[in-house]
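These notes concern the structure reproduced below.
The values are calculated or read from the model by the stated rules, or taken from the named source; none is laboratory data. These figures come from a predicted structure and were not determined experimentally. Note that each Cβ is placed from the backbone with ideal geometry, even for glycine, and that neighbours are counted across all protein chains shown. Accessible surface is based on the protein model in full, side chains and every heavy atom, while ligands, DNA and RNA are left aside. Shrake-Rupley method; radii C 1.70, N 1.55, O 1.52, S 1.80 Å.
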Amino acid sequence: MCGARRRINSPLQLELEIDLKGRRLVARTLDALVDGIRDASSRRIAICRMPGTIRRMRERVVGPAALPEERLQEGVGAELRPKRMADLIGQHQVRERLTVAITAATQRGDAMEHVLLHGPPGLGKTTLAHIIATELGAPITLTSGPALSKKADLFGILTQLKSHSVLFIDEIHRLPTEVEELLYPAMEDFAIDFLLDAGAHATATTFRLKPFTLIGATTRAGLLKNPLRDRFGLQQHLEFYEPADLEAILVRSAGILNIAFDDQSSALIARRSRGTPRIANRLLRRVRDFAQVRGGGSIDRPLADEALALEGIDGLGLDALDRRFLRTIAEVYKGGPVGIGALAATLNEELDTLTELVEPFLLKEGFLARTSQGRLATQKAFDHLGLRWSGPPAVSQSELFTEP
């Protein structure tokens, strides 16, 4: 018995003939619905890594974010990424934990537990996701939080996943709430619950997924909601790299790029790389280009120092924006404290640029202190800038509990 022609409230707006009770709806239309959403989502997967989905921030040589040429050209920097866990340098505890989890899952023949990788940008979260997939012998699907704007986008991706495959979501903290909630049953039960039709004829349907491993990456783990964070069995924080590890990374990269340089020049580049492998490899390529044009192709310490000075990077890895940030606090605001909003307005910079790209390194190296009253330039910052430090500012007891 056939009923009226109705429309499904979905991005595809498929017109379907169903009976009044909706009993034959799933059997007739589920395959068409899945195939249609797959086609739509496959196009979204292709563009999800394009620069348009990434917030625009100041592009800096020592910035941890990928530069445009590094995002658009797969060959730039891609050949330097380690492919196996044995090739990964640094992050020793993270590497050991992941190795145990990968080995255990492989021996059992199960999908690996879901993994959350969080930490500052440029430390290798995407590289680790590729390594995990390689060690598991599983295909990997890449997407990002901003690209998954609707439930249908995620639905199409999840239904394409093969058994025990890996799904990597970068900037997972930027998932819309409705999309994030669709992940909960997918991660926990490998199933998706959704409604077909609407009103009195609505039908609740469960679509079973093949077991998969979700790897989420974020620079701001505190923005993740607890229900999502708790569903990750492995939560790994990536730390800034030590200079010795960065030197080892530079030596490996120099071998791949056929660059000849001595230990002193590798140590100099490592100290100015701000604890970030992406920056270290970027500076290595800049020094290589400088050596090719000005130094006959060979790299020594004086030439590396001259090349980095040309980029505005001083002996401690600070660039012009870092020094301007500290000098503004020291001279305009008498050492602080000053709120980050006031600093952004004074410097004419985006707030996110200062909080995500400038402050982390300055805090780590002791140039900056963050208090309830705002930001303070430390004595180390004054000394580095060649300014006289008059001691920490006096704070009255009435100001101790005041918001900055």
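Just give me the residues in the range 286-305 being free of Cβ contacts under 8 Å to residues at least 40 places away in the same chain, part of a helix (DSSP H, G or I) and open to solvent by less than 40 Å² (accessible area, probe 1.4 Å), in sequence order.
Answer for the range 286-305, where residues must be free of Cβ contacts under 8 Å to residues at least 40 places away in the same chain, part of a helix (DSSP H, G or I) and open to solvent by less than 40 Å² (accessible area, probe 1.4 Å): Val287, Phe290, Ala291, Leu303.
Which of the residues belonging to the range 250-259 are free of Cβ contacts under 8 Å to residues at least 40 places away in the same chain and surrounded by 13 or more Cβ atoms within 10 Å (Cβ to Cβ)?
Matches in the range 250-259: Leu250, Val251, Ala254.
If you go through the range 328-353 one residue at a time, how many are of a type outside the set (A, V, I, L, M), open to solvent by 10 Å² or more (accessible area, probe 1.4 Å) and under 27 Å from the mean Cα position of the chain (by Cα)?
The total comes to 6.
Could you list, in sequence order, all residues of the range 113-150 that are over 25 Å from Gly222 (Cβ atoms) and either in contact with a strand residue (DSSP E or B) (Cβ under 9 Å, 6 or more places away or on another chain) or open to solvent by 10 Å² or more (accessible area, probe 1.4 Å) (or both)?
Scanning the range 113-150 gives His130, Ala133, Thr134, Glu135, Leu136, Gly137, Ala138, Pro139, Ile140, Thr141, Lys150.
Could you tell me whether the range 386-402 includes any residue that is open to solvent by less than 60 Å² (accessible area, probe 1.4 Å), at pLDDT below 90 and touching a Gly at 6+ places or on another chain (Cβ under 7 Å)?
So far as the range 386-402 goes, yes, one or more of its residues are open to solvent by less than 60 Å² (accessible area, probe 1.4 Å), at pLDDT below 90 and touching a Gly at 6+ places or on another chain (Cβ under 7 Å).
So which pairs qualify, if the first residue must be in the range 354-367 and free of Cβ contacts under 8 Å to residues at least 24 places away in the same chain and open to solvent by 40 Å² or more (accessible area, probe 1.4 Å), the second must be of a type in the set (A, V, I, L, M) and assigned to a helix (DSSP H, G or I), the Cβ gap must be under 7 Å, and the two must be at least 6 apart or on different chains?
Here the result reads Thr355/Ile340, each pair linking the range 354-367 to a residue that is of a type in the set (A, V, I, L, M) and assigned to a helix (DSSP H, G or I).
Given the condition open to solvent by 20 Å² or more (accessible area, probe 1.4 Å), of a type in the set (Lys, Arg), out of contact with any strand residue (DSSP E or B) (no Cβ under 8 Å at 6 or more places or on another chain) and not in a helix (DSSP H, G or I), answer yes or no: does some residue in the range 316-327 qualify?
Checked the range 316-327: no residue is open to solvent by 20 Å² or more (accessible area, probe 1.4 Å), of a type in the set (Lys, Arg), out of contact with any strand residue (DSSP E or B) (no Cβ under 8 Å at 6 or more places or on another chain) and not in a helix (DSSP H, G or I).
Counting residues that are hydroxyl-bearing (Ser, Thr, Tyr), which helices (runs of 4 or more DSSP H) fully inside the range 74-147 reach at least 1?
Where helices (runs of 4 or more DSSP H) fall fully within the range 74-147 and carry at least 1 residues being hydroxyl-bearing (Ser, Thr, Tyr), they are 92-108, 125-136.
(1) touching a Leu at 6+ places or on another chain (Cβ under 7 Å); (2) surrounded by 17 or more Cβ atoms within 10 Å (Cβ to Cβ): which one isn't true of Thr203, the others all being true?
The number of the failed condition is (2).
Which pairs turn up if I take residues in the range 104-127 that are among the acidic types (Asp, Glu) and look for partners that are in a strand (DSSP E or B) and open to solvent by less than 10 Å² (accessible area, probe 1.4 Å) with beta carbon separation below 8 Å, at least 6 apart in sequence or on another chain?
Between residues of the range 104-127 that are among the acidic types (Asp, Glu) and residues that are in a strand (DSSP E or B) and open to solvent by less than 10 Å² (accessible area, probe 1.4 Å), the close pairs are Glu113/Thr213.
Quick test for you: out of Glu247, Glu239, pick the one residue that is among the acidic types (Asp, Glu), touching a residue at least 40 places away in the same chain (Cβ under 8 Å) and either out of contact with any strand residue (DSSP E or B) (no Cβ under 8 Å at 6 or more places or on another chain) or closer than 30 Å to Glu96 by Cβ (or both).
Answer to the selection: Glu239.
If Glu239 passes every condition in (1) of a type outside the set (Ser, Thr, Tyr); (2) open to solvent by less than 60 Å² (accessible area, probe 1.4 Å); (3) under 19 Å from the mean Cα position of the chain (by Cα) but one, which one does it miss?
Of everything listed in (1) of a type outside the set (Ser, Thr, Tyr); (2) open to solvent by less than 60 Å² (accessible area, probe 1.4 Å); (3) under 19 Å from the mean Cα position of the chain (by Cα), Glu239 misses just condition (2).
What are the pairs, 6+ residues apart or on separate chains, where a residue within the range 317-346 that is free of Cβ contacts under 8 Å to residues at least 60 places away in the same chain and under 25 Å from Ile279 (Cα atoms) has its Cβ under 7 Å from a residue that is open to solvent by less than 50 Å² (accessible area, probe 1.4 Å) and assigned to a loop (DSSP other than H, G, I, E, B)?
From residues that are free of Cβ contacts under 8 Å to residues at least 60 places away in the same chain and under 25 Å from Ile279 (Cα atoms), the pairs are Ala320/Gly312; Leu326/Phe367.
May I ask you to say which residue of Thr219, Thr276 is open to solvent by 30 Å² or more (accessible area, probe 1.4 Å), under 25 Å from Leu363 (Cβ atoms) and hydroxyl-bearing (Ser, Thr, Tyr)?
Exactly one of Thr219, Thr276 is open to solvent by 30 Å² or more (accessible area, probe 1.4 Å), under 25 Å from Leu363 (Cβ atoms) and hydroxyl-bearing (Ser, Thr, Tyr), namely Thr219.
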